[in-house]
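First up is the structure itself, then whatever we jot down about it.
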């Protein structure tokens, strides 16, 4: 009896070994690193929803032009791209970069450039006649020492104030243009028992975004940019003023903000439980997914005192050094930078194109307006999304913000920012 | 029969606690059956207006391709780590050598390392041996990091098998392998069940190794489950439906083998 | 059935010492035994000790960006850590979380096991209900608990009728709040919510362990006590519970290593929390390394986590060795 059971167990184990062997032989054909596969790996964190649809549309369009190039869509989800970034970092260090990867323009891209891991793309820009097709401020964000290193695909705006139209109409309010306006509106709403400002900062960066918006308003685009190069110190009076406003603002937010993700905060505005929300314009995608209509159910204006300024969050793709078929990657980057590619991707994702000469008719009303602003406004990099300063600095700012939101101590906050900024000059 | 407590009271407490334990399951179930525009934190308790299986349909269609990956991963990884753990346990309990206790201690310590800390060298190692982005690579990782606990469980399990059994077999001329096959192995069925359940559940639910070592077509189901969420909009109905679907196999294992699990624990790690 | 017998004999006959076994052919078998163990030893030497050494090496380097830089930095990364508000908060949180989590899992598991051991009709139903959460991944249960314990919309909607309105994990208060270092020391109230979620998930395991332990105690032991006139309550207190001690030991160790490493649950449920009231070293380590790209600092956190684990586990391992010889 026991003997038979024993034999059975051995049989099962042998089967396991065989199975393991099977899957081994199967994947050794297709597995291994990108260099062996000869596939074009596109690495991103676009795994679901409009962004995944957009990527698919883009890949389909590319596939029509180059049916022979095999594409592998490598999307890694979770933690708003943080898992993807972890995987990317380990792959880059292991000397096995994906053919091309999603990276925010600005500091996040430049970390890779400075590490000597990226190829310059000036010749690609020249070949495609892209000079002047992208705004200069944007090209600056993907350049280092006068060379261009990536192709921007999409643009999101970070300085947007979303509001519930019905609440504003019912109370005879106008969306605020200045912070004085903002606090007047907020007081009235508070008196009515409506939460004036919804924040969902479970992941901290949401609060950092609000703060960077106020910084932009108080410093103006030039000084705001200089803040990240160390030319303007963090004990500048304007920074303190921004911190004071931020502190005051925190009196008007939902009590459970630290328990909510940004989607939940947007939902509060959608449900009429809160009146306003400061968030990037991916919030539009959320409203849309919940069946709400722009300019009917919800409205969008720039955050107070940032008129004429455009906080840019841009996804870009570059060419890592040491990939097996750089020519194929360049073809794909050409597609990304083309009008066709940008118009295939962006309407689906809900973002606007990085080029300024695309087909406006393909975009919704909100985007049309944003595209106009994008052409004429001063473009500034977002800190919260890794464009303005290196991630190591951002981590420290997030820590300072997280403590500030609870302790509300302006002096400590400024000091913490100052301490962190010593890293910027390196 | 023990009748320590008034039965109705026991039932009452168990029912109350049972209901409390099921509250999260209720939330998952209700959310998974709603269409996405009905899903929000504010209405989390409300049952769906109409039952909508769209979440399940989408979750199923997206998870199905990765389901087989997980099977190819979990079955060999579980069995291999159980087999190795059993051999180790056998050696460390019945064939002790000088310093074997130290070896056991050193093996056991591997159970407690925070895995984030070894992620980078691990990845480089896996890539160097050519197993990156493959199920065998993931199997290797799970087998290795499963060794401490499987060794522990089997060693304690075998400590309860009297040495006299081994002794008499030796007198009959059985060797190391023979004793394992004819005496130890047949006695370890419940041990194998416990270890297998433990490893099965852990490997099935594991995310960190899976997301770093595999990509796209090779990804196991837990990574695919995460991939149901975009970086901007998370469709919670699909997520919850996916989570319930992904938990079904482990759940099934518990229900079918739950008795063995407890019986095996009794003979196994209990004596830790 | 046989293993039950085997178990009982094992308790009666003392383990036969290996010395007695010196017979011909044995030494070949001895070598064979070692040979079978060797692959595991090699694998773990690489995957555990090799990689830990690498991490320790990184933790004393200057690798603070994506570019590896292995210049020796001494203990600077560790010093920076102990002066960091967030890390101090993490240590406090780990301490309180571990204590509450472990104690509750032990008590609740023990209580449920004793109840379910009363030969109930619906035994398997109850057992499965309590085991079920173990089958789910932390990544998902974290989100569910975030919803349930949301102070505005979650379970508070029901508690409102009783006039209680806890702020759960959004509570930033710390009791008793002694100022030590840069932080307030005490129990961060927000952690209670995380403890609830973690207890929900892991109680099934301790229940199973205790149930197994109870079933291992032969019925005649209880019977004998009953004949001596002991009440059921006394039987449990004086006879049964002391016998469950080794199980409690195992449960505590397994739960301790889970609580010290905890990552997924926090990440999905609360994140670091306002003022880092729900942050844990695992989360800090992940964010420092993979978001902040500060590999040296991240490695230092990992090594400290390892030391904290070692502080628990080495005495355990030593004492369990003693218990055997």
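Brief remarks on what is shown
- Boolean, residue B:232 is farther than 30 Å from residue C:28 by Cα and modelled with pLDDT of 80 or more: no
- Residue identified as touching a helix residue (DSSP H, G or I) at 6+ places or on another chain (Cβ under 6 Å), surrounded by fewer than 24 Cβ atoms within 10 Å (Cβ to Cβ), within 30 Å of residue A:365 (Cα to Cα) and not assigned by TED's automatic domain parsing to the domain that holds residue A:190 among A:347, A:353: A:347
- Qualifying residue in segment C:218-236 (condition: part of a helix (DSSP H, G or I), touching a residue at least 40 places away in the same chain (Cβ under 8 Å), more than 19 Å from the chain's Cα centre (by Cα) and surrounded by fewer than 22 Cβ atoms within 10 Å (Cβ to Cβ)): yes
- For residue C:62, the conditions (1) at pLDDT 90 or above; (2) more than 30 Å from residue C:177 (Cα to Cα); (3) within 14 Å of chain B (Cβ to nearest Cβ) all hold with the exception of (3).
- Residues being in a helix (DSSP H, G or I) and away from chain C (no Cβ under 14 Å) - total across segment A:342-397: 23
- Identity of the residue in segment C:285-306, closer than 13 Å to residue C:54 by Cα and surrounded by 24 or more Cβ atoms within 10 Å (Cβ to Cβ), that ends up nearest to the other protein chains (Cβ to nearest Cβ): C:302
- Pick from segment C:113-132, criterion surrounded by 20 or more Cβ atoms within 10 Å (Cβ to Cβ) and more than 7 Å from chain B (Cβ to nearest Cβ), ranking: nearest to residue B:15 (Cα to Cα): C:116
- There is no residue in segment B:152-175 that is in contact (Cβ under 8 Å) with a residue 40 or more places away in the chain and within 12 Å of chain A (Cβ to nearest Cβ).
- Whichever residue in segment C:242-252 is more than 7 Å from every other protein chain (Cβ to nearest Cβ) and surrounded by 15 or more Cβ atoms within 10 Å (Cβ to Cβ) and, among such residues, is farthest from residue C:144 (Cα to Cα): C:244
- Here is the figure for segment B:195-222: residues that are facing chain C (nearest Cβ under 10 Å), free of Cβ contacts under 8 Å to residues at least 60 places away in the same chain and more than 8 Å from the chain's Cα centre (by Cα) total 1.
- Enumeration of residues in segment A:281-300 that are out of contact with any helix residue (DSSP H, G or I) (no Cβ under 7 Å at 6 or more places or on another chain) and in a loop (DSSP other than H, G, I, E, B): A:282, A:293
- Any hit, segment C:285-296, residues being on the phi > 0 side of the Ramachandran plot and in contact (Cβ under 8 Å) with a residue 40 or more places away in the chain: yes
- Taking the criterion of being part of a helix (DSSP H, G or I) and touching a strand residue (DSSP E or B) at 6+ places or on another chain (Cβ under 7 Å), the residues of segment A:186-208 that qualify are A:186, A:189, A:190.
- For segment A:99-129, the tally of residues that are within 14 Å of chain C (Cβ to nearest Cβ), part of a loop (DSSP other than H, G, I, E, B) and touching a helix residue (DSSP H, G or I) at 6+ places or on another chain (Cβ under 7 Å) stands at 1.
- Residue C:213 being on the phi > 0 side of the Ramachandran plot and either in contact with a helix residue (DSSP H, G or I) (Cβ under 8 Å, 6 or more places away or on another chain) or within 9 Å of chain B (Cβ to nearest Cβ) (or both): no
- Residue B:187 being surrounded by fewer than 23 Cβ atoms within 10 Å (Cβ to Cβ), touching a helix residue (DSSP H, G or I) at 6+ places or on another chain (Cβ under 8 Å), within 8 Å of chain A (Cβ to nearest Cβ) and touching a residue at least 12 places away in the same chain (Cβ under 8 Å): yes
- Take the conditions (1) modelled with pLDDT of 85 or more; (2) farther than 14 Å from residue B:155 by Cβ; (3) surrounded by fewer than 23 Cβ atoms within 10 Å (Cβ to Cβ); residue B:103 misses just one of them, which is (2).
- Among residues of segment B:14-51, those that are under 18 Å from residue C:146 (Cα atoms) and either in a helix (DSSP H, G or I) or without any contact (Cβ under 8 Å) to a residue 40 or more places away in the chain (or both), counted: 20
- Of all residues assigned to segment C:59-75, at least one qualifies as being part of a helix (DSSP H, G or I), in contact with a helix residue (DSSP H, G or I) (Cβ under 9 Å, 6 or more places away or on another chain) and surrounded by 18 or more Cβ atoms within 10 Å (Cβ to Cβ).
- When C:48, C:106 are screened for being modelled with pLDDT of 95 or more and crowded, with 19+ Cβ neighbours inside 10 Å, only C:106 passes.
The values are calculated or read from the model by the stated rules, or taken from the named source; none is laboratory data. No experiment lies behind these values; they were computed from the predicted model shown. Methodologically, a virtual Cβ is constructed for each residue, glycine included, from the backbone with ideal geometry; neighbour enumeration extends over all protein chains shown.
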